[in-house]
Amino acid sequence: MAIYDGIKEIEEELLKCMKCGNCQAVCPIYKETKAEASVARGKIRLAEAVLKGEIGYTPGIAKRFDLCLTCEACAANCPCGVKPIRLSWQLGRVSTTKGFAHSKKAAFTLLRHPKLFDLGLRMGGTFQGLVFSKKDKGMSPRFPIGIESRRSYLPWPPNP
């Protein structure tokens, strides 16, 4: 049984593809990366594996689906009429319903409660010195926390 039953739109797009490779010839991302997963045919194979439950929809898989210029050259060159961009959007929707968008959900929850959001901003402005040190034109991280340490960041204002 598939993990994400009921996603008919995705399944219809997957069934249309005959895996001819015509999308490779026109994909600008594929021309740069030469990676099968960056072209529509590779993304369709990944989507099939996700829907069958062979692999999970991880952030790494999501990043591969996001690697698209949305030029739709692949769809224009497809003899079967596959629309890979629809596939990417719908798999993104699946990921949101399956819990890969915790930070987005938290942000929107905070936005629904303005007082709590303001408190978070005030706390960030007050305690930013623990994470950031002052630099000549802004602030820089004190230790590696997943953001670029060579960049200069603007300080948060003490009041939102």
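We did not get these values from a lab; they are worked out from the coordinates using the rules stated. All values reported here derive from a predicted model rather than from experimental measurement. All Cβ positions, even for glycine, are placed from backbone atoms using ideal geometry, and neighbour counts span all protein chains on display.
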Margin query: Quick check for me: using +1 on Lys/Arg Cβ and -1 on Asp/Glu Cβ, what's the dipole size of the range 102-160 about its Cα centre, in debye to the nearest 20?
Written below: 80 debye
Next item on the list: Take peptides 28-38, 128-138 and line them up by average Cβ neighbours within 10 Å, highest first, as a rough protection proxy.
Entry: 28-38, 128-138
Notebook entry, point to check: Non-local amide H neighbours of G56 (under 5 Å, H modeled in plane, Pro and chain starts lacking H): which ones?
Noted result: none
